[in-house]
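Student: Quick one: the structure is below, questions incoming.
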Amino acid sequence: MNLLAIDTATPDTVVALRTAEGRTHTRRHRPGSGERPGHVAQTLPLARELLGEAGLDWSALDRVAVGVGPGTFTGLRIGLATARALASAGRTELVGVSTLAVLAAGAASDGPVVAVLDARRREVFAAHWQSSSAAAAGQPPSTGPLAIDPSALSAATGAGSALVVGDGGPRYREVLASGGFTVPADADPRHLVDGSVLCDLGARAAAGPPTAVLPVYVRAPDAIPVAERGRA
(Lines give C-alpha, C1' and ligand atoms only; values in the text may rest on other atoms or scores of the structure.)
Protein backbone atom coordinates (compact mmCIF):
# COMPACT_ATOMS: atom_id res chain seq x y z
CA MET A 1 0.00 0.00 0.00
CA ASN A 2 0.96 3.67 -0.23
CA LEU A 3 1.00 4.83 3.38
CA LEU A 4 1.51 8.34 4.74
CA ALA A 5 2.51 8.50 8.42
CA ILE A 6 2.46 11.56 10.69
CA ASP A 7 3.60 12.08 14.28
CA THR A 8 3.34 15.40 16.13
CA ALA A 9 3.25 14.07 19.71
CA THR A 10 6.72 15.50 20.44
CA PRO A 11 8.19 18.90 19.50
CA ASP A 12 9.43 17.34 16.24
CA THR A 13 7.17 17.10 13.21
CA VAL A 14 7.76 13.66 11.68
CA VAL A 15 6.25 12.70 8.32
CA ALA A 16 7.02 9.52 6.36
CA LEU A 17 5.79 7.84 3.19
CA ARG A 18 5.96 4.09 2.52
CA THR A 19 5.22 3.31 -1.12
CA ALA A 20 3.62 0.18 -2.53
CA GLU A 21 7.07 -0.78 -3.84
CA GLY A 22 8.43 -0.76 -0.30
CA ARG A 23 10.47 2.43 -0.46
CA THR A 24 10.37 4.72 2.56
CA HIS A 25 10.81 8.49 2.39
CA THR A 26 11.06 10.51 5.61
CA ARG A 27 11.15 14.14 6.71
CA ARG A 28 11.63 15.72 10.12
CA HIS A 29 11.32 19.29 11.32
CA ARG A 30 13.05 19.89 14.64
CA PRO A 31 12.48 23.27 16.31
CA GLY A 32 15.58 25.18 17.27
CA SER A 33 16.45 26.23 20.78
CA GLY A 34 13.68 28.49 22.10
CA GLU A 35 11.56 27.90 18.98
CA ARG A 36 8.02 26.61 19.22
CA PRO A 37 7.07 23.34 17.47
CA GLY A 38 6.24 23.80 13.80
CA HIS A 39 3.45 21.24 13.56
CA VAL A 40 0.90 23.52 11.87
CA ALA A 41 3.35 25.05 9.42
CA GLN A 42 5.35 21.92 8.62
CA THR A 43 3.10 18.85 8.45
CA LEU A 44 1.38 19.35 5.10
CA PRO A 45 4.40 20.89 3.28
CA LEU A 46 6.56 17.96 4.40
CA ALA A 47 3.91 15.52 3.20
CA ARG A 48 3.76 17.27 -0.18
CA GLU A 49 7.54 17.03 -0.47
CA LEU A 50 7.45 13.29 0.13
CA LEU A 51 4.66 12.68 -2.36
CA GLY A 52 6.52 14.70 -4.97
CA GLU A 53 9.72 12.80 -4.27
CA ALA A 54 7.89 9.51 -4.80
CA GLY A 55 6.01 10.73 -7.88
CA LEU A 56 2.62 10.30 -6.21
CA ASP A 57 -0.35 12.54 -5.57
CA TRP A 58 -2.79 12.58 -2.66
CA SER A 59 -5.24 10.30 -4.46
CA ALA A 60 -2.63 7.51 -4.53
CA LEU A 61 -2.67 7.09 -0.75
CA ASP A 62 -4.24 3.92 0.59
CA ARG A 63 -3.76 4.60 4.30
CA VAL A 64 -2.88 7.43 6.67
CA ALA A 65 -1.27 6.55 10.02
CA VAL A 66 -1.02 9.04 12.85
CA GLY A 67 0.84 8.96 16.14
CA VAL A 68 -1.75 9.15 18.92
CA GLY A 69 0.66 9.84 21.75
CA PRO A 70 0.79 10.28 24.57
CA GLY A 71 2.42 13.63 24.03
CA THR A 72 1.76 17.34 23.97
CA PHE A 73 -1.94 18.18 23.93
CA THR A 74 -1.71 20.72 21.12
CA GLY A 75 0.59 18.57 19.02
CA LEU A 76 -1.72 15.57 19.22
CA ARG A 77 -4.74 17.63 18.21
CA ILE A 78 -2.91 19.08 15.20
CA GLY A 79 -1.64 15.71 13.99
CA LEU A 80 -4.94 13.94 14.42
CA ALA A 81 -6.95 16.74 12.77
CA THR A 82 -4.58 16.76 9.80
CA ALA A 83 -4.65 12.97 9.43
CA ARG A 84 -8.44 12.87 9.67
CA ALA A 85 -8.80 15.58 7.03
CA LEU A 86 -6.44 13.79 4.63
CA ALA A 87 -8.15 10.43 5.15
CA SER A 88 -11.61 11.93 4.72
CA ALA A 89 -10.69 13.86 1.58
CA GLY A 90 -9.25 10.77 -0.07
CA ARG A 91 -11.65 8.22 1.45
CA THR A 92 -8.52 6.59 2.80
CA GLU A 93 -8.01 4.24 5.74
CA LEU A 94 -6.98 5.95 8.98
CA VAL A 95 -5.09 4.13 11.74
CA GLY A 96 -3.58 5.26 15.02
CA VAL A 97 -0.13 4.29 16.30
CA SER A 98 1.25 4.65 19.82
CA THR A 99 4.13 7.10 19.82
CA LEU A 100 5.69 5.23 22.74
CA ALA A 101 5.45 1.96 20.80
CA VAL A 102 7.31 3.56 17.87
CA LEU A 103 10.13 4.55 20.21
CA ALA A 104 10.27 1.13 21.86
CA ALA A 105 10.14 -0.74 18.54
CA GLY A 106 13.01 1.35 17.19
CA ALA A 107 15.23 0.77 20.22
CA ALA A 108 16.66 -2.53 18.88
CA SER A 109 16.68 -4.04 22.36
CA ASP A 110 16.33 -7.77 23.01
CA GLY A 111 15.74 -7.00 26.68
CA PRO A 112 13.21 -4.77 28.42
CA VAL A 113 12.76 -1.30 26.99
CA VAL A 114 10.93 1.69 28.43
CA ALA A 115 9.85 4.52 26.12
CA VAL A 116 9.88 7.81 28.02
CA LEU A 117 8.74 11.23 26.82
CA ASP A 118 9.07 14.50 28.71
CA ALA A 119 5.56 15.37 29.94
CA ARG A 120 6.59 18.60 31.71
CA ARG A 121 5.39 19.26 35.29
CA ARG A 122 8.36 17.13 36.39
CA GLU A 123 6.63 14.06 34.92
CA VAL A 124 7.20 11.69 32.02
CA PHE A 125 4.89 9.71 29.78
CA ALA A 126 6.17 6.13 29.82
CA ALA A 127 5.40 2.55 28.79
CA HIS A 128 7.38 -0.66 29.24
CA TRP A 129 7.74 -3.60 26.82
CA GLN A 130 9.65 -6.84 27.33
CA SER A 131 11.58 -6.20 24.10
CA SER A 132 11.62 -4.04 20.99
CA SER A 133 10.22 -6.92 18.96
CA ALA A 134 7.18 -7.08 21.27
CA ALA A 135 6.44 -3.42 20.58
CA ALA A 136 7.07 -3.88 16.85
CA ALA A 137 4.62 -6.79 16.75
CA GLY A 138 1.87 -4.58 18.15
CA GLN A 139 1.77 -6.20 21.59
CA PRO A 140 0.42 -3.94 24.35
CA PRO A 141 2.94 -2.67 26.89
CA SER A 142 3.59 -4.64 30.06
CA THR A 143 3.13 -1.38 31.97
CA GLY A 144 1.60 1.91 30.90
CA PRO A 145 1.14 4.24 29.35
CA LEU A 146 1.67 6.31 32.49
CA ALA A 147 2.14 9.94 33.44
CA ILE A 148 4.56 9.60 36.34
CA ASP A 149 7.37 11.21 38.31
CA PRO A 150 10.58 9.79 36.76
CA SER A 151 11.87 8.86 40.22
CA ALA A 152 8.92 6.45 40.58
CA LEU A 153 9.32 4.81 37.18
CA SER A 154 11.54 1.92 38.27
CA ALA A 155 9.10 0.80 40.97
CA ALA A 156 6.08 1.27 38.69
CA THR A 157 7.50 -0.83 35.83
CA GLY A 158 9.62 -3.32 37.75
CA ALA A 159 12.12 -2.84 34.93
CA GLY A 160 14.88 -0.83 36.57
CA SER A 161 17.58 -2.38 34.37
CA ALA A 162 15.75 -1.59 31.13
CA LEU A 163 16.96 0.52 28.22
CA VAL A 164 15.27 3.93 28.16
CA VAL A 165 14.56 5.71 24.85
CA GLY A 166 12.73 8.95 24.14
CA ASP A 167 13.40 12.59 24.97
CA GLY A 168 12.55 12.01 28.63
CA GLY A 169 15.70 9.92 28.97
CA PRO A 170 18.22 12.74 28.44
CA ARG A 171 15.95 15.17 30.30
CA TYR A 172 15.92 13.03 33.45
CA ARG A 173 19.13 11.08 32.93
CA GLU A 174 20.44 11.32 36.50
CA VAL A 175 17.13 10.37 38.09
CA LEU A 176 16.60 7.42 35.74
CA ALA A 177 20.18 6.20 36.07
CA SER A 178 19.83 6.21 39.86
CA GLY A 179 16.87 3.85 39.39
CA GLY A 180 19.05 1.43 37.40
CA PHE A 181 17.92 2.36 33.89
CA THR A 182 20.35 2.58 30.96
CA VAL A 183 19.98 5.82 29.01
CA PRO A 184 21.84 6.17 25.68
CA ALA A 185 23.76 9.35 24.86
CA ASP A 186 21.71 12.48 24.35
CA ALA A 187 22.37 12.51 20.59
CA ASP A 188 21.42 8.85 20.11
CA PRO A 189 18.76 8.65 17.34
CA ARG A 190 16.79 6.13 19.38
CA HIS A 191 15.50 9.06 21.42
CA LEU A 192 13.64 10.33 18.32
CA VAL A 193 10.44 9.11 16.69
CA ASP A 194 11.63 7.19 13.62
CA GLY A 195 9.52 7.73 10.51
CA SER A 196 10.37 4.32 9.09
CA VAL A 197 9.28 2.55 12.29
CA LEU A 198 6.14 4.70 12.33
CA CYS A 199 5.37 3.34 8.85
CA ASP A 200 6.06 -0.23 9.99
CA LEU A 201 3.55 -0.01 12.83
CA GLY A 202 1.08 1.92 10.71
CA ALA A 203 1.13 -0.78 8.04
CA ARG A 204 0.52 -3.52 10.62
CA ALA A 205 -2.27 -1.74 12.49
CA ALA A 206 -5.78 -3.06 12.01
CA ALA A 207 -7.98 -0.59 10.15
CA GLY A 208 -11.29 0.40 11.69
CA PRO A 209 -13.66 3.36 11.62
CA PRO A 210 -11.87 6.73 11.66
CA THR A 211 -13.86 7.70 14.75
CA ALA A 212 -12.01 4.97 16.66
CA VAL A 213 -8.66 6.75 16.19
CA LEU A 214 -8.35 8.89 19.31
CA PRO A 215 -5.48 10.67 21.05
CA VAL A 216 -3.96 9.12 24.16
CA TYR A 217 -3.69 11.96 26.68
CA VAL A 218 -3.02 9.86 29.85
CA ARG A 219 -3.67 12.95 31.98
CA ALA A 220 -5.86 16.03 31.70
CA PRO A 221 -4.46 18.81 29.46
CA ASP A 222 -3.08 22.06 30.92
CA ALA A 223 -5.64 24.06 28.94
CA ILE A 224 -9.11 22.97 27.85
CA PRO A 225 -10.86 24.47 24.78
CA VAL A 226 -13.86 26.63 25.66
CA ALA A 227 -16.22 24.30 23.77
CA GLU A 228 -15.14 21.36 25.95
CA ARG A 229 -15.31 23.05 29.36
CA GLY A 230 -17.95 21.81 31.72
CA ARG A 231 -18.26 18.39 30.08
CA ALA A 232 -18.31 15.52 32.54
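Student: Which of the residues belonging to segment 81-99 are basic (Lys, Arg) and over 25 Å from Ala115 (Cβ atoms)?
Tutor: Arg91, the sole residue that qualifies.
Student: Can I ask one more? Give just the number: which of (1) open to solvent by 60 Å² or more (accessible area, probe 1.4 Å); (2) at pLDDT below 95; (3) polar (S, T, N, Q) does Thr157 not satisfy?
Tutor: Exception for Thr157: condition (1).
Student: Identify the residue in segment 104-134 that is touching a strand residue (DSSP E or B) at 6+ places or on another chain (Cβ under 7 Å), buried (at least 24 other Cβ atoms within 10 Å of the Cβ) and in contact (Cβ under 8 Å) with a residue 60 or more places away in the chain and, among all such residues, is nearest to Ala9 (Cα to Cα).
Tutor: Among residues in segment 104-134 that are touching a strand residue (DSSP E or B) at 6+ places or on another chain (Cβ under 7 Å), buried (at least 24 other Cβ atoms within 10 Å of the Cβ) and in contact (Cβ under 8 Å) with a residue 60 or more places away in the chain, the one nearest to Ala9 (Cα to Cα) is Leu117.
Student: Hey, any hits in segment 40-62 for a residue that's open to solvent by 10 Å² or more (accessible area, probe 1.4 Å), modelled with pLDDT of 95 or more and under 23 Å from Ala104 (Cβ atoms)?
Tutor: No - not one qualifying residue is present in segment 40-62.
Student: All but one of (1) open to solvent by less than 70 Å² (accessible area, probe 1.4 Å); (2) touching a residue at least 12 places away in the same chain (Cβ under 8 Å) hold for Met1; state the number of the condition that does not hold.
Tutor: Tallying (1) open to solvent by less than 70 Å² (accessible area, probe 1.4 Å); (2) touching a residue at least 12 places away in the same chain (Cβ under 8 Å), Met1 fails exactly one: (1).
Student: So Phe73 clears everything in (1) at pLDDT 95 or above; (2) closer than 26 Å to Val218 by Cα except one condition, right? Which one?
Tutor: (1)
Student: If you scan segment 9-39, which residues turn out to be under 14 Å from Cys199 (Cα atoms) and either without any contact (Cβ under 8 Å) to a residue 12 or more places away in the chain or buried (at least 22 other Cβ atoms within 10 Å of the Cβ) (or both)?
Tutor: Selection gives Val14, Val15, Ala16, Leu17, Arg18, Glu21, Gly22.
Student: Turning to a different aspect of this structure: I need the full set of residues from segment 197-232 which are modelled with pLDDT under 95, in a loop (DSSP other than H, G, I, E, B) and within 27 Å of Val102 (Cα to Cα), in order please.
Tutor: Scanning segment 197-232 gives Ala206, Ala207, Gly208, Pro209, Tyr217, Val218, Arg219, Ala220, Pro221, Asp222, Ala223.
Student: Hey, can you tell me all the residues within segment 173-182 that are assigned to a loop (DSSP other than H, G, I, E, B) and crowded, with 24+ Cβ neighbours inside 10 Å?
Tutor: Phe181 - this is the single residue of segment 173-182 that is assigned to a loop (DSSP other than H, G, I, E, B) and crowded, with 24+ Cβ neighbours inside 10 Å.
Student: Further question: So, of the residues in segment 144-153 that are in contact (Cβ under 8 Å) with a residue 12 or more places away in the chain and within 19 Å of Ser178 (Cβ to Cβ), which turns out to be surrounded by the most Cβ atoms within 10 Å (Cβ to Cβ)?
Tutor: Restricting to residues being in contact (Cβ under 8 Å) with a residue 12 or more places away in the chain and within 19 Å of Ser178 (Cβ to Cβ), the top hit is Leu153.
Residue by residue, here is whether (1) more than 20 Å from Val213 (Cα to Cα); (2) open to solvent by 30 Å² or more (accessible area, probe 1.4 Å); (3) without any contact (Cβ under 8 Å) to a residue 60 or more places away in the chain holds:
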position: Ser161; (1), (2), (3): yes, yes, yes
position: Gly169; (1), (2), (3): yes, no, yes
position: Ala187; (1), (2), (3): yes, yes, yes
position: Gly195; (1), (2), (3): no, no, no
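The values are calculated or read from the model by the stated rules, or taken from the named source; none is laboratory data. Computed from a prediction, not measured in an experiment: that's the story for all the values here. Quick reminder, even Gly has a Cβ in these numbers, built from the backbone with ideal geometry, and neighbours come from all protein chains shown. All accessible areas refer to the heavy atoms of the entire protein, side chains included, with ligands and DNA or RNA removed. Shrake-Rupley method; radii C 1.70, N 1.55, O 1.52, S 1.80 Å.
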